[in-house]
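To start, the structure itself, in structure tokens.
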Amino acid sequence: MATIEEILTIKGPDVVIAPSTATVYEAARLMADANVGSVIVQDGEDVLGIFTERDLLQRVVAAGNDPAKTPQFKGSYARVYGEPDWGVKFQDGTAVWDHFNDAWYLRRYPDKEIGFITFSNGKNDGGIGWPQAVEFYRALQDTRRPHLFVWGQGGHGQRATMPVSLGERVLPIDVRTDQTLPAFAHCSLDDNPGSGDPKDGDAKGQVNLYLYWETADIADAPERWEMTVGLIDKAPRDECTVDLTPRRCRKFKPKPGQMLKWTNASLRDNREIQTGSAKVDKWGLVTIEKLRVAKGRNRIRVSR
């Protein structure tokens with residue numbers, strides 16, 4: 001077996017270096033121009049680490065991308081997956097370019113549970129692009145997955161936002177993999193991202209930014225599901241309407257076709273403000289539509 005020294009002798013001693021201030025797009029361009037799979041990251045003369053195509057793919061895919069629709073990164077995907085027309089597949093027969101298309105995965109497996117996703121995209125991002133972000137957002141909404149989406153004119157540097165605090169690094173809600181969480185959709189406070197054309201819809205905006213839920217008093221039992229939800233103080237209105245779907249339930253597992261009862265109680269006024277019934281769909285999911293949610297908090301109950 002060849003030694004590392006022998007391999008380096010064949011490859012040559014030259015390495016590609018990126019400053020620590022380089023953007024992900026700039027690092028990707030360096031790799032593409034030099035036809036290499038990684039760059040050394042330096043701060044002055046100090047070596048901070050290595051940035052690889054794997055890092056790039058994880059960052060871009062995690063942001064909700066369709067690999068084939070990212071203007072500047074498709075070549076990086078192809079060097080890992082193979083070209084789309086090669087038809088490379090996983091063991092289960094899924095084409096790799098579909099597997100890493102997040103919107104495709106969400107629509108293909110609407111019953112699969114995911115974590116809470118907060119993501120952002122610049123409408124003027126020429127690297128990742130804008131249409132794929134709207135496609136991912138619509139898949140999250142249509143398949144009723146927990147998410148928060150913000151967009152603007154920050155290009156490739158557009159930052160994601162956390163709920164409650166509206167910061168970008170710390171998630172104030174104690175989201176746990178062993179606990180149920182809500183999926184919000186069609187909130188009346190949402191802005192309009194448009195059709196996928198950067199010129200269509202609001203130039204900047206948000207989806208589900210002002211909503212939150214509490215984790216200390218969740219009820220996830222065989223016969224009932226309960227949760228406290230609300231609007232943060234910075235919400236532009238005191239009340240909104242929103243659809244809510246319980247996701248990642250541990251014990252509350254209604255059967256498809258069942259009719260469930262639901263109630264909505266205002267904790268501020270200490271009274272019931274809405275009641276109704278909803279049918280469980282073929283995936284075992286139930287959605288309560290047009291719930292009234294206020295800054296004073298609401299207690300939602302769904303029962304058999």
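The values are calculated or read from the model by the stated rules, or taken from the named source; none is laboratory data. Everything numeric here is computed off the predicted structure, so don't read it as measured data. Note: ideal-geometry Cβ built from the backbone for every residue, glycine included; neighbour counts use all protein chains shown.
Quick notes
- Residue list for region 31-86, filter: hydrophobic (A, V, I, L, M, F, W, C), at pLDDT 80 or above and in a helix (DSSP H, G or I): Ala78, Trp86
- Every pair of residues 6+ apart whose Cβ atoms lie under 8 Å, when the first sits in region 262-279 and is closer than 16 Å to Asp238 by Cβ while the second is loosely packed, with under 13 Cβ neighbours inside 10 Å and at pLDDT 95 or above: Asn264/Glu272; Asn264/Thr275; Ser266/Glu272
- Residue that is farthest from Ile114 (Cα to Cα), among those in region 147-199 that are in contact with a helix residue (DSSP H, G or I) (Cβ under 8 Å, 6 or more places away or on another chain) and in a loop (DSSP other than H, G, I, E, B): Asp197
- Among the conditions (1) at pLDDT below 95; (2) of a type in the set (D, E, K, R); (3) closer than 19 Å to Met227 by Cα, Arg145 misses just one, which is (1).
- Selected residue [touching a strand residue (DSSP E or B) at 6+ places or on another chain (Cβ under 7 Å) and more than 28 Å from Leu260 (Cα to Cα)] from Pro198, Pro163, Pro182, Pro172: Pro163
- Residue in region 277-295 that is surrounded by fewer than 15 Cβ atoms within 10 Å (Cβ to Cβ), of a type outside the set (Asp, Glu), under 23 Å from the mean Cα position of the chain (by Cα) and more than 21 Å from Leu140 (Cβ to Cβ) present: no
- Of Asp200, Asp269, all but one fail to be surrounded by fewer than 14 Cβ atoms within 10 Å (Cβ to Cβ), among the acidic types (Asp, Glu) and in contact with a Gly (Cβ under 6 Å, 6 or more places away or on another chain); the exception is Asp200.
- Filtering region 202-218 to residues that are among the small types (Gly, Ala, Ser) and free of Cβ contacts under 8 Å to residues at least 60 places away in the same chain leaves Gly205, Ala216.
- The single residue among Asp233, Asp202, Asp217 that is in a loop (DSSP other than H, G, I, E, B), at pLDDT 95 or above and within 22 Å of the chain's Cα centre (by Cα) turns out to be Asp202.
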